[in-house]
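J.: To start, I am sharing the structure in question, which I have written as structure tokens.
The values are calculated or read from the model by the stated rules, or taken from the named source; none is laboratory data. All values derive from a computational prediction rather than experimental measurement. So basically every Cβ, Gly included, is an ideal-geometry build from the backbone, and we count neighbours across all protein chains shown. Note: accessible area is taken over every heavy atom of the protein model, side chains too, but ligands, DNA and RNA are not part of it. Shrake-Rupley method; radii C 1.70, N 1.55, O 1.52, S 1.80 Å.
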Amino acid sequence: MPAWFTPNRETWLFRVNPALKFMIFVLLLLFTLFTRNLAFVSWLAVLFGILLYGFSGYPIRKLALLSIPLIISFASSAFTMMLFGKGDTVIWQWGLFKISEESIQHGLLLGTKSLTFGFVGFTFLLTVQPVLFFYAMMQQFRLPSKYAYSFIASIRLLPVVVEEIQVRSNALKVRGITFSRGMKGWGERIQAYAVPLFAQSIRRAQRIAIAMEAKQYQMGAARTYFYPTSYSRMDVVFIGVISVSIASVSMVAFVMN
């Protein structure tokens, strides 16, 4: 799974400070959320689509697979609003279903917003290293270390948890243990997996706590960082590209209106 999320090449987006990139993307998402101009939101979707498909560094095949939930989200949100939205200029109606000009516009707006959110989310997730992101949040935006290191530890331990689930599954198969079908089988699986995994988690947490205590880790104390992060010229380039792109999108949307 980690290899699947490894890019073929690292583009300039990878060299942008992760914390700065996160804050700018959050601001853009909030701006998109409260915008009701369909043309502007549509061009924003095009902009972030270019960032995702052109500068994420991943092959088209992987990006196409990741785009499937985005397409489903766009279609479901748009058609739901079209069929059940309110409007005065009714085009077609049958029972509870009513399509109007206003509902079509609102449906396209809602669907395009969901598509834009997906593009932004995938662009950020695919072009940032989680560990460096939390280090940058601690160093550039003063995120308390107790939260940052908690997230880093959880990310580091995910592969270990998956491995333990596989080991437990193989052990049950070797012992010839079978489960019933239906909901009863799910209950039996929970009983067979929950207690051993929970016990392993407690032991692992104790070992981590002892290791952190041995390294003189204290909450709130001043610490040095193994991965120092800072701002660079690429951050200025990123801000410039985003600013020029947003200005161009605004001008195009204004002309179209």
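J.: Taking R0 as 45 Å, what FRET efficiency do you get between Val252 and Ser201 from their Cβ-Cβ distance, rounded to the nearest 0.05?
T.: Efficiency for this residue pair is about 0.30.
J.: Would you work out what percent of the accessible area of region 126-200, with all protein chains in place, is carbon or sulfur (probe 1.4 Å)?
T.: Solvent-exposed carbon and sulfur of region 126-200 make up 64 percent of the total.
J.: Follow-up question, since we're still on this one. Select from Ser169, Ser76, Phe134 the residue farthest towards the positive end of the dipole of the chain; place +1 on Cβ of Lys and Arg, -1 on Cβ of Asp and Glu, and compute about the Cα centre.
T.: The residue sitting farthest along the positive end of the dipole is Ser169.
J.: Also: Remind me, what semi-axes does the chain give for its equivalent ellipsoid, largest first in whole Å, using sqrt of 5 times each Cα gyration tensor eigenvalue?
T.: Computed over the chain, the values are 40, 31, 16 Å.
J.: So, one more: Give the Debye-formula value of log10 I(q)/I(0) at each listed q (0.17, 0.21, 0.29 Å⁻¹), with one equal scatterer per alpha carbon of region 145-214, two decimals each.
T.: Normalising to I(0) and taking log10 leaves -0.75, -0.95, -1.32.
J.: Now for a separate question. How big is region 140-257 by Rg and Dmax over its Cα atoms, in Å?
T.: In Å, with Rg to one decimal and Dmax whole: 24.6, 70.
J.: Once you have the Cα-Cα distance between Leu30 and Tyr227, take 0.36 nm times their residue separation minus that, and quote the gain in nm to one decimal.
T.: The Leu30-Tyr227 span can extend by a further 67.9 nm.
J.: Are there chymotrypsin sites (Phe, Trp or Tyr not before Pro) in region 1-74 that DSSP marks as loop and that have at most 10 other Cβ atoms within 10 Å, and which are they?
T.: Hits after loop and neighbour filter: Phe34.
J.: Averaged per residue, what accessible surface does the chain expose to a 1.4 Å probe, in Å²?
T.: On a per-residue basis, 65 Å².
J.: While we're here: Counting other Cβ atoms within 10 Å, which trypsin sites (Lys or Arg not before Pro) in region 116-166 have at most 16 and lie in a DSSP loop?
T.: Loop-located and lightly packed - Arg142.
J.: Filter the trypsin sites (Lys or Arg not before Pro) in region 6-39 to those in DSSP coil with at most 13 other Cβ atoms within 10 Å of their Cβ, and list the result.
T.: Arg9, Arg36
J.: Something else about it: Keeping all protein chains in position, work out how much accessible area Glu101 exposes to a 1.4 Å probe, and write it in Å² to the nearest 10.
T.: Its heavy atoms expose roughly 110 Å² to the probe.
J.: For Val160 and Ile190 in the same chain, what is the full-extension length gain: residue separation times 0.36 nm, less their Cα-Cα distance, in nm?
T.: 8.9 nm
J.: Let me spell out the model: positive unit charges on the Cβ of Lys and Arg, negative unit charges on the Cβ of Asp and Glu, origin at the Cα centre of the chain. What dipole size does that give, in debye rounded to 20?
T.: 980
J.: Sort Val131, Val241 by accessible area with a 1.4 Å probe, largest first.
T.: Putting Val131, Val241 in descending order of accessible area: Val241, Val131.
J.: Okay, moving on. Anything in the chain that counts as a DSSP H helix reaching 27 Å or more along its axis (C-alpha) with Kyte-Doolittle mean of at least 1.0? List them, would you?
T.: Both cut-offs are met by 60-84, 233-256.
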